[in-house]
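**Q** Take a look at the following structure, please.
The values are calculated or read from the model by the stated rules, or taken from the named source; none is laboratory data. Keep in mind it's a predicted model, so treat the numbers as computed, not measured. Glycine gets a Cβ as well: all are built from the backbone with ideal geometry, and neighbour counts include every protein chain shown. These area figures cover heavy atoms from the full protein model, side chains too; ligands, DNA and RNA do not enter into them. Shrake-Rupley method; radii C 1.70, N 1.55, O 1.52, S 1.80 Å.
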Amino acid sequence: MNGQRYRWKNKQIRDHVAVLNGDKSPTLLLKNARYLHSVLKKWLTGNIWVYEDRIVYVGENLPETMNGCEIVDCAGSTLVPGYIEPHVHPFQLYNPQSFTQYASQTGTTTFINDNLMLVLLGGKLKAFSLLDELKKLPVTMYWWCRFDSQTELLDEEAVFSNGEVRAWMERDDVVQGGELTAWPRLLAGDDLMLHWIQEMKKLNKKIEGHFPGASEKTLAKMTLLGADCDHEAMTGKEVLSRLMQGMMVSLRHSSIRPDLPVLLKEMKEMGIDQYESMMFNTDGSTPGFYEDGVLDNTIKMAIASGIPPVDAYQMASYNVAKYYHFEHLHGMIAAGRIANINFLEDEFNPLPHSILSKGTWIKRDGREVMRDDASINWEEHGLSPMKIDWDLEMEDLQFSMPFGIEMINDVITKPYSVTLDASGESLPMDHDESFLMLLDRNGKWRINTLVKGFANRVSGFASSFSNTGDILLIGKNKKDMMLAFNRMKELGGAIVLAEEDQIVHEVPLKLAGAMSDKRMEELIEEEKGLKRELKERGYRFGDPVYSLLFFSSTHLPYLRITQKGMYDVMKKTVLFPTIMR
């Protein structure tokens, strides 16, 4: 199931030793390197020998044999371990390959990825074949094992059956369970979830929490139930409360929660100056957020706040590796580790000018080094364009719900009473209420209501990007909503904005209707265009992509639109069921 059982075969390890014996030449020698020693927490100078993808020696000596060895004089550069991003949602319009390729150019070479979208889109067999193919990329990927869908699925018990979950948790490249978005269910007595946590612990793997606003007692309970880390601290006080319960704290800076400046400021004010139990994350931000960088940006912010540079780099490398029990492979420039090394101008500028990942140059002197062997055949793994073989009819667009969904911010929604007449072909533009519809991607069911606060001048809008892979329709005009849907259908999945019988903007999502197959640089421009067009039409929040994602996400209050129907999160009740088509 996992391909090669061990990272290096016995013969490869013997070759590594042979380099030290002088019987083989290293493939790369980094001379006169000023580098961060992660255990001593000091800057040292020495020579680094690399054989293929592994560091075989670090110290004062030079190799006895250097036939065919590439030699790089590192004088003038500062070397640090490749950065490790512990909380990646690699499906936020981008895909696992496009995101990691982009992020790797800023120094992040190891990723711990959410598996939720793969679980929902295709099941374990297709997902596992993709995971194995992704190992061929010049970056390193690890994965989570989700225990719930964070929505209300019609077939939740089958999608997250014991057999399916266990198959994920037993993979060597799965290093944590969670994130625990369904922790209230766990607290209420869900023993199957507790069993999965126990099994993960038995495998010496971590459990990632999701505890926004949790009290001290709740955090203590979650620690007792097995949670090791949480990324939901939004204040310095919440950082301290998690540390006090023995948790690892993942400091978040994301498009939906750009909290890091506040966290750093308040931690400093509170006198928190020990960072071994902290790491950074960007929590699956939407594409445009990453124009400012990935973990290199969080390190830069930490240094600017007064955190010593060594600690800032540890929080993006060694602390993460040690927490996940893979410091024998990552997070250090030392013998035996994978050769993931960032070359900096100095320790105050964390954006590398050159990068080694798996012993291969992926960036050299500020320029990306292209590889020919990094293409993924997505269709082989079930991520082909959506094939919608059914039609949306005007009779589907009937809206008579007595209450609708009101947006409080990008992602929080509450119920409101509908008083306007929604029986016509369109709604006036002088208010912020719009038609809202969730459609089964296979055309079997629908749920229709109104949404207040999304925008006041969006005429027709369709999205195949959602929490469950089902289709969202929003708008003031039913004909333009139909037009947006049909264009989305024609593209094989997309986010489409239509107005006055014209397509205004589109973001094609050819990978199962959820992800783009384009490079991040191009996708960023498409997303920026989407935000601009929506803002001009009254969208008043910051992140419409997350709004689309979370319309169905029941780990957030208060009212959600799901496969089962209109769902009251607090009462855990379906208020109105979906309608079969």
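**Q** Being surrounded by fewer than 22 Cβ atoms within 10 Å (Cβ to Cβ) and not in a loop (DSSP other than H, G, I, E, B) is true for just one of 442, 486, 456. Which residue is that?
**A** Values: 442 fails: not in a loop (DSSP other than H, G, I, E, B); 456 fails: not in a loop (DSSP other than H, G, I, E, B).
The conditions single out 486.
**Q** What are the residues in segment 211-231 that are outside any helix (DSSP H, G or I) and in contact with a Gly (Cβ under 7 Å, 6 or more places away or on another chain), if any? Lay out the reasoning, then the answer.
**A** Step one: list which residues in segment 211-231 are outside any helix (DSSP H, G or I), which gives 211-215, 226-231.
227, 229, 230, listed by residue number.
**Q** In addition: Taking strands (runs of 3 or more DSSP E) that fall entirely within segment 72-141, which contain at least 2 residues that are touching a His at 6+ places or on another chain (Cβ under 9 Å), among the charged types (D, E, K, R) and surrounded by fewer than 24 Cβ atoms within 10 Å (Cβ to Cβ)? Break it down stepwise before answering.
**A** Working: elements: 78-81, 83-88, 108-113.
In segment 72-141, there are no strands (runs of 3 or more DSSP E) which contain 2 or more residues that are touching a His at 6+ places or on another chain (Cβ under 9 Å), among the charged types (D, E, K, R) and surrounded by fewer than 24 Cβ atoms within 10 Å (Cβ to Cβ).
**Q** Here's another thing I want to ask about it. Step by step: first the residues of segment 513-545, then only those that are open to solvent by 10 Å² or more (accessible area, probe 1.4 Å) and touching an Asp or Glu at 6+ places or on another chain (Cβ under 7 Å), then the one that is farthest from residue 434 (Cα to Cα). Which residue is that?
**A** The selected residue is 542.
**Q** Pairs needed: first member in segment 293-310, under 18 Å from residue 276 (Cα atoms); second member anywhere, of a type in the set (Ser, Thr, Tyr) and open to solvent by 10 Å² or more (accessible area, probe 1.4 Å); C-beta distance under 9 Å; at least 6 residues apart or different chains.
**A** Every condition considered, the pairs that remain are 295/106; 302/275; 307/275; 308/275.
**Q** Within segment 415-431, does at least one residue satisfy the condition of being under 27 Å from the mean Cα position of the chain (by Cα) and farther than 21 Å from residue 534 by Cβ? Outline the logic, then answer.
**A** Filtering segment 415-431 for residues under 27 Å from the mean Cα position of the chain (by Cα) gives none.
No, segment 415-431 has no match at all.
**Q** I've got another one for you. State all residues of segment 301-321 that are open to solvent by 20 Å² or more (accessible area, probe 1.4 Å) and within 21 Å of the chain's Cα centre (by Cα); if no residue qualifies, say none.
**A** Of everything in segment 301-321, those that are open to solvent by 20 Å² or more (accessible area, probe 1.4 Å) and within 21 Å of the chain's Cα centre (by Cα) turn out to be 301, 318.
**Q** Only residues that are open to solvent by 10 Å² or more (accessible area, probe 1.4 Å) and either of a type in the set (Val, Ile, Thr) or under 28 Å from the mean Cα position of the chain (by Cα) (or both): list them for segment 459-483, please. Before you say what the answer is, go through the steps one by one.
**A** Here is the first cut: in segment 459-483, the residues open to solvent by 10 Å² or more (accessible area, probe 1.4 Å) are 468, 477, 479, 482-483.
468 - this is the single residue of segment 459-483 that is open to solvent by 10 Å² or more (accessible area, probe 1.4 Å) and either of a type in the set (Val, Ile, Thr) or under 28 Å from the mean Cα position of the chain (by Cα) (or both).
**Q** Related question: Can you pull out every residue in segment 200-239 that is at positive phi, among the polar types (S, T, N, Q) and free of Cβ contacts under 8 Å to residues at least 60 places away in the same chain?
**A** Correct list: empty.
Residue by residue, here is whether (1) under 23 Å from residue 89 (Cα atoms); (2) crowded, with 22+ Cβ neighbours inside 10 Å holds:
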| site | (1), (2) |
| --- | --- |
| 210 | yes, no |
| 216 | no, no |
| 224 | no, no |
| 227 | yes, yes |
| 230 | yes, yes |
| 234 | yes, no |
| 239 | yes, yes |
| 243 | no, no |
| 251 | yes, no |
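**Q** Sticking with this one: Has segment 8-27 got any residue that is surrounded by 14 or more Cβ atoms within 10 Å (Cβ to Cβ) and assigned to a strand (DSSP E or B)?
**A** Quick first cut of segment 8-27, residues surrounded by 14 or more Cβ atoms within 10 Å (Cβ to Cβ) only: 8, 12-13, 15-16, 18-20, 24-27.
Within this subset, residues satisfying the condition of being assigned to a strand (DSSP E or B) are none.
Looking for residues that are surrounded by 14 or more Cβ atoms within 10 Å (Cβ to Cβ) and assigned to a strand (DSSP E or B), one finds none in segment 8-27, hence no.
**Q** Oh, and also: Quick check on my filter: what residues within segment 319-376 are among the aromatic types (Phe, Trp, Tyr) and touching a residue at least 60 places away in the same chain (Cβ under 8 Å)? Let's see the steps before the verdict.
**A** Of the residues in segment 319-376, the ones among the aromatic types (Phe, Trp, Tyr) are 323-324, 326, 343, 348, 361.
Listed by number, the residues that qualify are 323, 324, 326, 343.
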